[in-house]
Structures are given as C-alpha cells and as structure tokens.
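Participant: Submitted below is the structure of interest, expressed as structure tokens.
The values are calculated or read from the model by the stated rules, or taken from the named source; none is laboratory data. The structure presented is a predicted model; accordingly, all values stated were derived computationally and were not measured. Neighbour counts are summed over all protein chains in view; Cβ atoms, including those assigned to glycine, are modelled from backbone coordinates with ideal geometry. Ligands, DNA and RNA are excluded from the accessible area calculation, which covers all protein heavy atoms including side chains. Shrake-Rupley method; radii C 1.70, N 1.55, O 1.52, S 1.80 Å.
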Amino acid sequence: MISEDDRQLLLRIARDAIAAHVGVTPAPALHAPGTSAVLARLGGAFVSLHNQGDLRGCIGHIEATEPIGAVVPRCAVAACSSDPRFSHVTARELEQLDIEISLLGPLEPIAAPQAIEIGRHGLVVEMGSRRGLLLPQVATEWKWDRETFLAHTCRKAGLPTDAWKKGAKIWRFEAEVFGER
C-alpha cells in the first residue's frame, strides 16, 4: 500500500498530464525523483477515466518494467486520447472527469477458476499473440462469477470466451485502486 500523499501525488500527475495534452495547461514539469519513492518504483498501472460514472477511457501498462512516475502520466494521456472505444477527451470535459488509478501487483499463473477471488483479483488471459486484462473492480461492478469473469477476459483478448478451457494462459493479480472520488 502506498500513502495517501503518494496517492494524491499520482492523481495530480495524471490530471496534469491530461490537462496539458488537451491544451488546458502547459506541459507539467517533471517531478524530481526525490519527491516520492513511489515515482521511482517499477510497476504496472492502469488509468481509468470516468465522466458522470461512465467509463471514458482506460489504458495501462502491465509489466513492472518502468517507474510508476513515468507509467501513470503516459497511461493517463493514452486513456484520454488512444482508447479505441472512445473519442478523444476534450478540454471542456476535463473538469467532469474522475481519474482512477490501479497499481498492479505481480502476475501469478493459475490453472483453475477456483484460484480467483472476485473483488480481489484481476485477470490476464493470453493465447498466441492475443492478450486481455480486466481489473479486479470490473467483476465486482458487473456482479460476475469466476467463469463469467474468465469468459469476459478472453473476449477482451479477442479470443473465444472458452479459450481459458482450451490452453490459454491465465494469470491473476491484485491491484491497489484509488481515485479522485
């Protein structure tokens, strides 16, 4: 778990990056590495944007290969401009956006649905060159059981919904999820 101060710092970094991208403010200054240890920590993260409760964009970086201080602003900009499900966020929408950040824990391979705890675990499914991820909060929001969660994660990967039964690799992970509201 990270501190509340670190949570607020990451949310501010995400919002500043989006504001600069949509032209509301100049590009934010880079945060000095000594500002907070969380910025230098290697980690995966997803940034989700909501407008009046509706998803408006969600992009992330799964692997813990880069510092969170670089991953969060890049994913925030991508969530507002590169999620293929949505049009680009405009400057007029900025004040209506709620930002949510999910800091990903390590991926753990699993072999069966019984290893999934709804509300605690997110999923990654991979087969060949296709990979899909759903965050832990998605199954809870939609009131899915384990098999439905697996099926939707397969679908997110562009695979048949039963690919998890037919050789797809499955990983679970935990996430620290926090937002502006």
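Participant: Considering the range 41-67 alone, what residues qualify as being of a type in the set (Gly, Ala, Ser) and farther than 12 Å from Leu10 by Cα?
Facilitator: Result: Gly43, Gly44, Ser48, Gly53, Gly57, Gly60, Ala64.
Participant: Counting only residues that are in contact (Cβ under 8 Å) with a residue 24 or more places away in the chain and either touching a Cys at 6+ places or on another chain (Cβ under 6 Å) or assigned to a strand (DSSP E or B) (or both), how many does the range 124-138 have?
Facilitator: Residues meeting the conditions: 8.
Participant: Tell me yes or no: at least one residue of the range 139-146 is part of a loop (DSSP other than H, G, I, E, B), among the aromatic types (Phe, Trp, Tyr) and touching a helix residue (DSSP H, G or I) at 6+ places or on another chain (Cβ under 9 Å).
Facilitator: yes
Participant: Please go through the range 150-181 and give me each residue that is polar (S, T, N, Q) and open to solvent by 50 Å² or more (accessible area, probe 1.4 Å), ordered by number. Lay out the reasoning, then the answer.
Facilitator: Within the range 150-181, the first condition is being polar (S, T, N, Q), and the residues that meet it are 153, 161.
If the condition is that a residue be polar (S, T, N, Q) and open to solvent by 50 Å² or more (accessible area, probe 1.4 Å), then Thr161 is the only one that fits.
Participant: Counting just the residues of the range 59-74 that are touching a residue at least 60 places away in the same chain (Cβ under 8 Å) and touching a strand residue (DSSP E or B) at 6+ places or on another chain (Cβ under 8 Å), which one comes out surrounded by the most Cβ atoms within 10 Å (Cβ to Cβ)?
Facilitator: So the residue we want is Val72.
Participant: Next up: Among (1) open to solvent by 70 Å² or more (accessible area, probe 1.4 Å); (2) modelled with pLDDT of 95 or more; (3) closer than 30 Å to Arg131 by Cα, which single condition is Glu4 missing?
Facilitator: Against the list (1) open to solvent by 70 Å² or more (accessible area, probe 1.4 Å); (2) modelled with pLDDT of 95 or more; (3) closer than 30 Å to Arg131 by Cα, Glu4 comes up short only on (3).
Participant: Give the residues of the range 137-179 that are more than 16 Å from the chain's Cα centre (by Cα) and polar (S, T, N, Q), sorted by residue number.
Facilitator: Thr148, Thr161 - these are the residues of the range 137-179 that are more than 16 Å from the chain's Cα centre (by Cα) and polar (S, T, N, Q).
Participant: Pairs, please: C-beta under 8 Å, at least 6 apart or cross-chain, first residue touching a residue at least 24 places away in the same chain (Cβ under 8 Å) and in the range 96-107, second among the small types (Gly, Ala, Ser) and open to solvent by 40 Å² or more (accessible area, probe 1.4 Å)?
Facilitator: Leu104/Ala64; Pro106/Ala64
Participant: Please go through (1) of a type in the set (Gly, Ala, Ser); (2) crowded, with 17+ Cβ neighbours inside 10 Å; (3) farther than 27 Å from Thr161 by Cβ; (4) at pLDDT 95 or above for Ser36 and return the number of the only condition it doesn't satisfy.
Facilitator: (4)
Participant: What number of residues within the range 117-126 satisfy the criterion of being within 22 Å of Phe178 (Cβ to Cβ) and surrounded by 13 or more Cβ atoms within 10 Å (Cβ to Cβ)?
Facilitator: 6
Participant: Here's another thing I want to ask about it. Which condition number in (1) among the β-branched types (Val, Ile, Thr); (2) free of Cβ contacts under 8 Å to residues at least 40 places away in the same chain; (3) part of a helix (DSSP H, G or I) is the one that Ile118 fails?
Facilitator: The failed condition is (3).
Participant: Just to be sure, is Ile101 in contact with a strand residue (DSSP E or B) (Cβ under 7 Å, 6 or more places away or on another chain), β-branched (Val, Ile, Thr) and either open to solvent by less than 30 Å² (accessible area, probe 1.4 Å) or farther than 19 Å from Gly57 by Cα (or both)? Give the steps one after another, and end with the answer.
Facilitator: Working: in contact with a strand residue (DSSP E or B) (Cβ under 7 Å, 6 or more places away or on another chain): yes; β-branched (Val, Ile, Thr): yes; either open to solvent by less than 30 Å² (accessible area, probe 1.4 Å) or farther than 19 Å from Gly57 by Cα (or both): yes.
Here the answer is yes, as Ile101 does meet what is asked.
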